[in-house]
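Written out below as structure tokens is the structure these notes cover.
Read the figures in this text as sums done on the coordinates, not as results from a lab. The structure displayed is predicted, hence computed values, not measured ones. Virtual Cβ from ideal backbone geometry, glycine too; neighbours counted across all protein chains shown.
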Amino acid sequence: MAADDDRPDQINTNLLPSAQFNKLERVANTFRETFVLPFRQTPRPVYYHRKFARVPTIDQCDISDEVCKYEATEQHERDKKVDMFKIKILRKRLTHCNWYWGANKYEKCQTEREQYQDSAVNYHLRYGELGRTSELYEYYMKQKHRMIWLRRRQEAGDATAAYTD
Amino acid sequence: MPGWSSLRAPTLNGARFFLNNIRRSQNVHTSAPKMGGGGHAETMVIKPSQYQWNRIKDELHFYILLGVLPLAAFATYCNVVYGPAELQDIPEDYVPMPHEYLKNPVSRKLVAFFNDWLMESYEKRYEKTVYTVWRDMEKQNQRLDFWKMQRLMGERQDQKNFYFIPDRSNMSERYTREMYDHIQKIKKSD
């Protein structure tokens with residue numbers, strides 16, 4: 001996918017089809033080619049994405065080690081944002097597919113719909129129903145309670161209740 | 001509602017006064033203070049105030065010429081000459097500068113200019129917070145040790161002359177050693 005896949009497309013899917021194609025873009029492109037591009041410097045500036053090293057997670061920290069806990073919370077927030085962006089991309093794919101197919105969307109967009117719904121369910125299992133001001137140990141305890149619940153269901157006879165990451 | 005009719009006379013008086021003054025606003029001669037030389041003295045024109053309109057023009061002029069135009073010129077210069085940055089992978093064994101993590105050319109220029117003066121990098125900020133977390137953790141552990149020591153001394157009552165010197169400030173190792181030596185010297189001289 002392109003580097004900016006998480007940003008919205010320039011085409012607004014609510015506009016009329018005639019307004020979407022080329023009129024304003026042609027004017028803007030001619031302006032850009034005549035007044036902007038000739039003055040550009042050739043060694044173009046470059047930007048990078050920040051690389052974060054993996055640190056020990058909350059389950060590997062001592063109970064009284066505040067520095068380890070702080071770094072684990074930072075890492076957890078970053079991972080949560082990454083998961084949010086993944087779901088945004090899948091949702092955007094689904095909406096584009098729906099818009100494209102219109103009346104046929106229930107037949108043609110099955111893969112996108114399945115992907116989005118599975119990822120949404122997994123996100124909810126991991127991060128949902130906890131609130132905005134939750135701390136890291138609450139997410140950790142949620143995982144623990146989920147494992148216990150699944151184990152009890154499995155012991156009670158439900159074969160599909162297995163813990164997966 | 002019965003009070004509205006009593007305002008009829010004052011409003012008529014006010015309207016009359018207003019209309020009379022508008023009709024005569026061109027040539028009203030005042031008394032002595034405005035008399036100049038040459039026969040035609042200055043007239044004081046009675047008209048509504050132009051204060052707000054003049055002030056609006058003044059402030060628009062100020063903010064546009066000193067705010068909008070310089071910043072727009074700076075932004076167009078950055079975008080036309082440099083343009084938005086392109087994304088690449090970090091090369092091996094290279095630590096990028098803080099302004100090389102940004103895409104917008106205006107913010108790149110500002111961050112590169114004010115790098116360590118007004119804006120601190122993400123790594124520096126992070127290390128500072130980690131240090132404060134560690135320092136407060138150390139302080140709290142010292143407090144817990146002190147209270148535990150006091151509690152045990154009170155329970156066991158078996159220590160006679162042991163006193164723990166609490167380090168409640170940013171004292172360095174050297175200072176505590178000097179204080180210890182000073183106390184030892186006092187004890188020896190007794």
Report task. Take peptide A:41-52, look around each residue's Cβ out to 10 angstrom, count Cβ atoms belonging to other protein chains, and average those counts. Result -> 6
Query raised in the report: With r defined as the distance between the Cβ atoms of B:Arg174 and A:Thr73 and R0 fixed at 41 Å, what FRET efficiency is calculated, to the nearest 0.05?
Result: 0.70
Query - Members of A:Lys88/B:Lys124; A:Lys80/A:Lys142; A:Lys51/B:Lys128; A:Lys69/B:Lys139; A:Lys51/B:Lys103; A:Lys23/B:Lys109 lying beyond 24 Å, as alpha-carbon distances in this model show - result: A:Lys88/B:Lys124; A:Lys23/B:Lys109
Report summary line: Distance in Å, no decimals, from the C-alpha centre of segment B:51-96 to the one of segment A:54-111 is 35 Å
Query - Extension gain (nm, one decimal) between A:Lys88 and A:Ala162, 0.36 nm per residue minus Cα-Cα - result: 23.9 nm
Query raised in the report: Across every pair of different alpha-carbon atoms, what Kirkwood hydrodynamic radius in Å does segment B:57-120 reach?
Result: 13.8 Å
Report summary line: Per residue convex hull volume, Cα only, chain A, in Å³ is 202 Å³
Query raised in the report: B:Leu65 versus B:Asn79, label points 7 Å from Cα toward the beta carbon: distance in nm?
Result: 2.6 nm
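Mind sorting B:Ser172, B:Ser49 by how few other Cβ atoms lie within 10 Å of their own Cβ, fewest first?
In increasing order of surrounding Cβ atoms, one gets B:Ser49, B:Ser172.
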Report summary line: Taking every residue of B:76-87, the Cβ atoms of other protein chains inside 10 Å of its Cβ average out to 4
Requested in this report: Could you work out the mean count of beta carbons from other protein chains within 10 Å of each residue's beta carbon in A:62-69?
Outcome: 3
Query - Environment charge at A:Pro56 (Cβ cut-off 15 Å; Lys +1, Arg +1, Asp -1, Glu -1) - result: -4
